[in-house]
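Step one of this worksheet: look at the structure below.
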């Protein structure tokens, strides 16, 4: 076989392979959200994290600003300590409110950040002052039932 | 009586020892052979067209079977995935299912299995026949190193082709899933792609899939060239070594896949 033709076909094959890789990286996966340029870490303490997982998203106003990088239990206070890795481009005020929310009715759980009005910003290693734990469906239902029951007795 | 049964037991143990010895010797030879390939790679890369020729034969010529199988696997995944997901009312997650199963597992593994039977067997047949017709010995006589001239280009051709073929397999498979899910069944196109992009991570999913296919490429190519080089130089011997290439490659791929998966995806 002619060597030039051979080079052409092999070049075609290699280019096609790299196009496929590019398609996987850009269209199937999401490169931009996977590697933030620079990050800093914040810590939030929750009474209950529900179904939050490591690598779960951290969102502010619905936009992904970071990922959950570590979840552990504080053995003295029995609180869940969640470490969040946030993109450097996003700075949050000191009184930002961190809560665990659910995407959709049965979707994955994520950490939502509601920015406050403080002029000082949270720095690397800071702890959120105010947090709200995950809503546990069973607790909600039992609370509802309990309220209904107490309404019934008062009448 | 006792002596007879005693000698039967020794014969059995002797048989086991003989087999283990033989297997270990072959394994040792394969390891030395691998090192030899790496040592003589530089020499063979100086004549790059040899490797390019092998990429053509094992990579480019496998394109058709890889693309067609990838498309059909994607189509089937789309149908089966939809059938199961719609029971739970979450057919929007079809893209996630198709993309993750292809990129993490099916792409690297099935592409490597196809590659082993399509390209690995032909490499073994080629080298085995060269040995049977004493072409390798003739090269040695002419002071041409057969490992640098014949083995190393085929090995590197396979190693370079394999990740590209696996990526093409996954990409075509995702397209097949899109074809069935969005075009035929009518899953929402925006949800299909955005959910997929939301849950497929480049570093974690795609990169690990590429690493897998690279490891499979090394394993399949090494088995193929080794079995060819180690073939008994008769028609029967070459056919037996082709059979061993296909069987051993398949087993190696599946075993390595288990090991790699347990290291890569532990669910954290």
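The values are calculated or read from the model by the stated rules, or taken from the named source; none is laboratory data. Source: prediction; values computed, not measured. Positions of Cβ are backbone-derived with ideal geometry, glycine not excepted, and every protein chain shown enters the neighbour counts.
Observations on the model:
- Total residues in region B:44-64 satisfying the condition of being over 14 Å from residue B:158 (Cβ atoms) and assigned to a helix (DSSP H, G or I): the figure is 5.
- Filter result for residue B:148 (modelled with pLDDT of 95 or more and in a helix (DSSP H, G or I)): no
- Residue in region B:72-79 that is within 14 Å of chain A (Cβ to nearest Cβ) and either within 30 Å of residue A:7 (Cα to Cα) or surrounded by fewer than 18 Cβ atoms within 10 Å (Cβ to Cβ) (or both) present: no
- Residue in region B:135-151 that is within 25 Å of residue B:116 (Cβ to Cβ), within 14 Å of chain A (Cβ to nearest Cβ) and either touching a residue at least 24 places away in the same chain (Cβ under 8 Å) or surrounded by fewer than 19 Cβ atoms within 10 Å (Cβ to Cβ) (or both) present: no
- Single residue of B:183, B:225, B:218, B:172 found to be touching a helix residue (DSSP H, G or I) at 6+ places or on another chain (Cβ under 8 Å), more than 14 Å from chain A (Cβ to nearest Cβ) and surrounded by fewer than 24 Cβ atoms within 10 Å (Cβ to Cβ): B:218
- Of all residues in region A:33-50 being modelled with pLDDT under 80 and under 15 Å from the mean Cα position of the chain (by Cα), the one that is nearest to the other protein chains (Cβ to nearest Cβ): A:34
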